[in-house]
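A single structure is presented below for examination.
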Amino acid sequence: MIAPSAEPLVLDVSGLTVEYRDAVRTVRAVTGLSLSVARGRTVALIGESGSGKTTAALAILGMLPGSATVLSGSVAVTPAGRRLDLLRLPRRELRALRWQHIAYVPQGSISSLNPIQRIGRHFQQTAEAHALGRRAAEARAMELLAAVHLEPRRIWTSYPHELSGGTRQRVAIALAMLLEPEVIVLDEPTTALDVLTQEAVLTTLLELQAATGVSYLAITHDLSVAGAVADEVITMYAGRAVERGTAEQVLADPLHPYTAGLLRSTPSVDSDLPVQSIGGHPPSLSDLPPGCSFHPRCGLADERCRSGGPPALLPADSRTVACHRVSERVAAGGPG
Amino acid sequence: MQLTPLFTLIGRALVRTVLMLWLVASVTFLAIRALPGNPVDVWVQELQGTGLSAEDAREQATRLLKIDVDQPLWTQYLDYLGNLARGDLGDSVILSPGTPVTDMLGERLLWTLFSISFALVIGFLIGLYLGSLAAYRRGTWVDRLITNVSALMSSIPAVLLGIVLTFCVGVAWDLVPIQSLRGAYSPDVQPGFDLDFILSALAHVIAPGIVYILVSFGTWALVMRSNALSVLADDHVGQARARGLSERTIRVAFVQRNARLPLITGFAISMGFVVSGSVLVERIFVYPGVGQLLADALARRDYTVMQGVVVATTITVLLATAIADALYGWLDPRTRIEQHA
């Protein structure tokens, strides 16, 4: 298990289960996800598209589309020692509280700004909605824009289309920091950017964390992003967490065959190993295979993996893993 | 970034406008002469029927048309274009022989533009409101009601609606003294900038106005609904909700302002279509607009007037489109010509 952090938890998600429903079918996108983020720390959710990580993020933010339902679970934040379950807050209260405690840098912040409004207006509207004075808001926005390495005055009067992708991402980060939230959800924070810009944005995120003690929940399919920012990594597959541990453990020495496959399929400068993709496709969430969802793509799968229910997350080698084969090995006495 | 100088843009717009005008004027010129039974010949014959000799009739025709009908077609065409360039559309030949067409148009076009722009703006605003309301209430009975009524109203021809309205309100139920609402204003009022005249003009515009509103709002509502739905699905709207913005701010600053942009151009173009569509509505309500003028000209083959109406309608559409372009640039910063680099 991960040693409990001395810092208090700013986000505590437990047993989160989300379904999408339409006229013909029901898709369970997230099943029983639990995670917690301590103050000043970063947790990364990694996995392929369709693994449920973005749905998990939207559920945590209370931003799920109407077709989705949260079946169970809680999302607790503790502003000023008061424990609130975001999933059970009335709409109005959620709207008033959300950005102050948990903010969001969306995937592709290119489309997350109103195209016919100047950047400054976005900051002003956010401030107005949370009773932050106009003058104070502008001063704070200027500080933040400078902190994310932009020219505050020029950006303030620009329209979104006048800015580059990297600049817009920085604007989105500054906007997320406006109300000094405890935690920011970063959805694929660097996906739309070129490699150099990615690096610069990640550095900026780390600088902000060091300066303010903000926590991040990063959603990414890019293991190098997870490696650069995360303290803890959770691998998701078919809507479930399958491995959870410190970033060093999981990324350097993955136990779950899926995490190992993800790592092998990522090109690395430090390794001479050939890049190997994981065979097959992620399963359809409306038609999951019996047993372990990963077994059709797993080289280690045996009879036990093909039938029964999905394996439980069990402690293994100072982390938790949901894999029969790994658990067997641990029971047999250490890694094989 | 290389910016196109403003005067180049204006120059291009002017060239485009002149080309369009030339094209429409030429097509009109040829089309009218291609009508079965060359109207010029018909007219010369009619004049002869009044007892004039063939030579006198042709001479009178030439004088009134300001075009020598004995000349080959291309000479007539050049004369016609020359006159047009000087703003001379010729004189009416039948409806009001000798009266310059521009004078007749000036008097009529004003009333048509008044009634139509008045009604279209109201119809447009109603459409925008209902369309976005339907989008916010997607899937509810409000949405279904608005969508169905809009689809129904936009598919009813203006004439039919005009006749039905006149019959129901004016005759069958006798709610409105429809007879006294003929014309652009009451005969006992003197045109002038005073309250009596304005009130009378407004009272008389209501009947055709309601028809224009009823037949136009549906299309706007349907287009606005689909635009608003697509904006509502945009990331920046979800993001605005997450930031805690009030639903009011989101609707006004995010959904409305973005969704209405594509409608501006369509609105300008519709001005032209309604001017030509006003023919029958103005006939029903005996409204002295350009539509009625065109109907009379067509019925009696006053082809200088026909040409005049078509050219005037074209100019209206071109002007409206130019205004829409300017408006669009003002409303959408992405199309704005930036003065700073």
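The values are calculated or read from the model by the stated rules, or taken from the named source; none is laboratory data. None of these values were measured; they are calculated from a predicted model. Heads up, the Cβs are rebuilt from the backbone with ideal geometry, glycines too, and the neighbour counts pull from every protein chain shown.
Just the residues that are of a type in the set (G, A, S), over 14 Å from B:Q256 (Cβ atoms) and modelled with pLDDT of 90 or more, please, taken from the stretch B:213-225.
B:G218
Does the stretch A:301-336 hold any residues that are assigned to a loop (DSSP other than H, G, I, E, B) and surrounded by 14 or more Cβ atoms within 10 Å (Cβ to Cβ), and which are they?
A:A301, A:P310, A:P311, A:L313, A:D317, A:A322, A:C323
I need the full set of residues from the stretch B:131-153 which are polar (S, T, N, Q) and more than 29 Å from the chain's Cα centre (by Cα), in order please.
B:T140
Is it the case that B:D325 is away from chain A (no Cβ under 14 Å), surrounded by fewer than 19 Cβ atoms within 10 Å (Cβ to Cβ) and either farther than 24 Å from B:I116 by Cα or in contact (Cβ under 8 Å) with a residue 60 or more places away in the chain (or both)?
Yes: the conditions hold for B:D325.
Let me ask you something else. Taking the residues in the stretch A:247-270 that are over 17 Å from A:C298 (Cβ atoms), of a type in the set (D, E, K, R) and more than 18 Å from the chain's Cα centre (by Cα) as candidates, determine which candidate is modelled with the highest pLDDT.
Ranking the candidates gives A:D253 first.
Any residue in the stretch A:234-246 that is surrounded by fewer than 19 Cβ atoms within 10 Å (Cβ to Cβ), modelled with pLDDT of 90 or more and under 20 Å from A:G47 (Cα atoms)?
Yes, the conditions are met somewhere in the stretch A:234-246.
Suppose we keep only residues that are in a loop (DSSP other than H, G, I, E, B) and within 14 Å of chain B (Cβ to nearest Cβ) within the stretch A:13-62. Which one would you say is surrounded by the most Cβ atoms within 10 Å (Cβ to Cβ)?
Taking the candidates together, the pick is A:G62.
Against the conditions (1) within 24 Å of B:G90 (Cα to Cα); (2) in contact (Cβ under 8 Å) with a residue 12 or more places away in the chain, where does B:R283 fall short? Just the number, please.
So the condition that B:R283 fails would be (1).
Could you please give the count of residues in the stretch A:66-78 that are at pLDDT below 85 and either assigned to a strand (DSSP E or B) or within 14 Å of another protein chain (Cβ to nearest Cβ) (or both)?
Residues in the stretch A:66-78 being at pLDDT below 85 and either assigned to a strand (DSSP E or B) or within 14 Å of another protein chain (Cβ to nearest Cβ) (or both): 1 in total.
Could you check the stretch A:103-115 and list, in sequence order, the residues that are facing chain B (nearest Cβ under 9 Å) and either among the polar types (S, T, N, Q) or touching a residue at least 60 places away in the same chain (Cβ under 8 Å) (or both)?
A:A103, A:Y104, A:P106, A:Q107, A:G108, A:S109, A:I110, A:S111, A:S112, A:N114
Considering A:R98, A:R118, A:R88, which residue is within 9 Å of another protein chain (Cβ to nearest Cβ) and touching a Ser or Thr at 6+ places or on another chain (Cβ under 8 Å)?
A:R118
Now a separate question. What residue, of B:I269, B:I284, B:I264, is within 14 Å of chain A (Cβ to nearest Cβ), within 27 Å of B:L214 (Cβ to Cβ) and modelled with pLDDT under 85?
Just one listed residue meets the conditions, B:I264.
Now a separate question. How many residues does the stretch A:124-170 contain that are touching a residue at least 40 places away in the same chain (Cβ under 8 Å) and either touching an Asp or Glu at 6+ places or on another chain (Cβ under 7 Å) or more than 10 Å from chain B (Cβ to nearest Cβ) (or both)?
Number of matching residues: 9.
Follow-up. Quick one: in the stretch A:81-101, which of the residues that are hydrophobic (A, V, I, L, M, F, W, C) and part of a helix (DSSP H, G or I) is surrounded by the fewest Cβ atoms within 10 Å (Cβ to Cβ)?
A:A96
Which condition breaks for B:N227 when tested against (1) of a type in the set (S, T, N, Q); (2) within 11 Å of chain A (Cβ to nearest Cβ); (3) closer than 16 Å to B:L331 by Cβ?
Exception for B:N227: condition (2).
Sort through A:G81, A:G108, A:G120 and tell me the only one that's out of contact with any Lys or Arg (no Cβ under 6 Å at 6 or more places or on another chain), at pLDDT below 85 and within 18 Å of B:H236 (Cα to Cα).
A:G108
Write out, first by first residue and then by second, each pair whose Cβ atoms fall under 7 Å of each other, whose residues are 6+ apart or on separate chains, and whose first residue, in the stretch A:252-264, is in a helix (DSSP H, G or I) while the second is of a type in the set (D, E, K, R).
Once the first residue is in a helix (DSSP H, G or I) and sits in the stretch A:252-264, its partners that are of a type in the set (D, E, K, R) give A:T259/A:E243.
Any residue in the stretch B:207-215 that is more than 25 Å from the chain's Cα centre (by Cα) and more than 14 Å from every other protein chain (Cβ to nearest Cβ)?
The answer is no; no qualifying residue exists.
Conditions tested, residue by residue: (1) buried (at least 19 other Cβ atoms within 10 Å of the Cβ); (2) part of a loop (DSSP other than H, G, I, E, B).
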site	(1), (2)
A:A103	yes, no
A:R121	no, no
A:I155	yes, no
A:T191	no, yes
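Oh, and also: When you look at B:Q239, is it within 11 Å of chain A (Cβ to nearest Cβ), modelled with pLDDT of 80 or more and surrounded by fewer than 21 Cβ atoms within 10 Å (Cβ to Cβ), yes or no?
Here the answer is no, as B:Q239 does not meet what is asked.
Next question. Does A:P282 satisfy the condition of being under 25 Å from the mean Cα position of the chain (by Cα), in a loop (DSSP other than H, G, I, E, B) and in contact (Cβ under 8 Å) with a residue 60 or more places away in the chain?
Criteria met by A:P282.
Which condition breaks for A:V250 when tested against (1) in contact with a helix residue (DSSP H, G or I) (Cβ under 7 Å, 6 or more places away or on another chain); (2) surrounded by fewer than 22 Cβ atoms within 10 Å (Cβ to Cβ); (3) under 30 Å from A:A210 (Cβ atoms)?
If we test A:V250 against (1) in contact with a helix residue (DSSP H, G or I) (Cβ under 7 Å, 6 or more places away or on another chain); (2) surrounded by fewer than 22 Cβ atoms within 10 Å (Cβ to Cβ); (3) under 30 Å from A:A210 (Cβ atoms), just (2) comes out false.
Within the stretch B:242-249, is there a residue that is without any contact (Cβ under 8 Å) to a residue 40 or more places away in the chain, surrounded by 20 or more Cβ atoms within 10 Å (Cβ to Cβ), among the charged types (D, E, K, R) and within 14 Å of another protein chain (Cβ to nearest Cβ)?
Checking the stretch B:242-249: at least one residue is without any contact (Cβ under 8 Å) to a residue 40 or more places away in the chain, surrounded by 20 or more Cβ atoms within 10 Å (Cβ to Cβ), among the charged types (D, E, K, R) and within 14 Å of another protein chain (Cβ to nearest Cβ).
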